[in-house]
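First up is the structure itself, then whatever we jot down about it.
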Amino acid sequence: MPILVNLDVMLAKRKMTLSQLSEQVDVTIANLSVLKTNKAKAVRFTTLEAICKALDCQPGDLLEYTPE
């Protein structure tokens, strides 16, 4: 898939665990794990907004386009 989610990179930069992020954004660990492992087919803007707020980042910090 040409869109990569760099959630693991941002979590490491912010020294935050997936569990901590899950509590802050009110999204299950399972759903965040799907994003983190690049298995997601879509992401809601409300979820993306909550993640960006919790990690103090921009959507472009999380999403990366890589041509196949």
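Quick look at the values:
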| item | result |
| --- | --- |
| Reported label for calculated Cα Rg over 2.2 N^0.38 Å given (1) 1.01; (2) 1.18; (3) 1.57 | (1) |
| Assigned charges on the beta-carbon of Lys, Arg, Asp, Glu; the chain dipole about Cα centre (debye) | 100 debye |
| Difference of contour (0.36 nm per residue) and Cα-Cα distance, residue 13 to residue 61 | 16.2 nm |
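Any read-out appearing in this document is the output of simple, stated calculations on the displayed coordinates, not a laboratory observation. Quick caveat: nothing in here was measured; it's all calculated off a predicted structure. Note that we place each Cβ from the backbone using ideal geometry, even for glycine, and neighbour counts take in every protein chain shown.
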